[in-house]
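Note sheet for the following structure.
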Amino acid sequence: MREQAPLALPPPAGPAHWEEESPLGVRVMTALGSANAAFLSLAAALHAARPGMPALGLAGHVLAGLARVESQPHGFAVPLALYDIRFRDERFWRLEVAACRSVHDGQAVAATDARVVRFARTAVTLAWHLAQSEPRAARLALGMETPVQEALTALPVGALDALAQRVAGVVAARFCTRERFWGLVTSAIRFGQDNAAIERLRLLGLQLQGAESARVQQLNRRLRRTAPP
């Protein structure tokens with residue numbers, strides 16, 4: 001796996017070092033773990049409200065599996081977010097940030113579910129903090145592209161609540177079409193910290209993130225080639 005897919009960021013001292021120690025600091029991992037736990041709780045709550053129905057990009061049966069184990073302690077740590085808010089979409093974030101900074105943005109777009117908005121506040125605050133102080137962690141943990149980081153860092157902290165309300169409607173599960181990944185998430189929660197499923201989850205997540213990064217880079221190269229001079 002190590003040589004098959006490029007990571008969003010290269011391991012700081014080679015693949016062996018990456019496997020032994022997360023390149024993210026303890027505080028980043030703690031904050032990321034809290035955000036992931038909040039997202040899993042949100043998924044369980046949405047499932048409880050509408051059993052069997054899809055939500056956050058996840059199929060109903062995937063949500064049901066998460067709901068069965070969500071009440072257990074989330075004692076596993078993976079160096080990536082389990083949620084996504086289009087962190088690779090430069091145009092989306094530049095438009096949303098610009099709307100929050102505009103004097104004409106008198107009322108932000110509200111999501112239909114207040115629980116999603118509450119989670120979006122948590123996720124946006126963490127994303128803004130990482131973009132400001134830990135850009136490398138933002139890229140690795142969230143899959144955030146550099147132009148998105150630049151857009152976020154230009155936003156004052158007082159505008160984060162309005163931004164969260166605007167982007168809440170696109171909150172989704174990371175790799176939501178990859179049922180194997182979410183099956184590993186469920187297993188990791190069910191069996192606790194000392195479980196091989198955690199390592200498989202980490203490796204698969206990094207592989208999927210590398211594939212995402214490669215697709216974005218390929219798309220950007222294609223756009224540059226076709227752009228008028």
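The values are calculated or read from the model by the stated rules, or taken from the named source; none is laboratory data. These numbers were taken from a predicted model, which means no experiment stands behind them. Note that we place each Cβ from the backbone using ideal geometry, even for glycine, and neighbour counts take in every protein chain shown.
Of the residues making up segment 160-194, those that are modelled with pLDDT under 90 and over 23 Å from LEU208 (Cβ atoms) are GLY192, ASP194.
Among the residues of segment 192-203, is there at least one that is among the acidic types (Asp, Glu) and without any contact (Cβ under 8 Å) to a residue 12 or more places away in the chain?
Start the filter on segment 192-203 by keeping residues that are among the acidic types (Asp, Glu), which leaves 194, 199.
Those still in the list that are without any contact (Cβ under 8 Å) to a residue 12 or more places away in the chain too: 194, 199.
Yes, the conditions are met somewhere in segment 192-203.
If you filter segment 41-54 down to residues that are surrounded by fewer than 21 Cβ atoms within 10 Å (Cβ to Cβ) and within 19 Å of LEU184 (Cα to Cα), you find that the one that is modelled with the highest pLDDT is PRO54.
Looking only at residues that are under 22 Å from GLY205 (Cβ atoms) and not β-branched (Val, Ile, Thr) in segment 149-175, which one is farthest from the chain's Cα centre (by Cα)? Here the answer is GLN149. All told, LEU24 falls short of being at pLDDT 95 or above, crowded, with 17+ Cβ neighbours inside 10 Å and not polar (S, T, N, Q).
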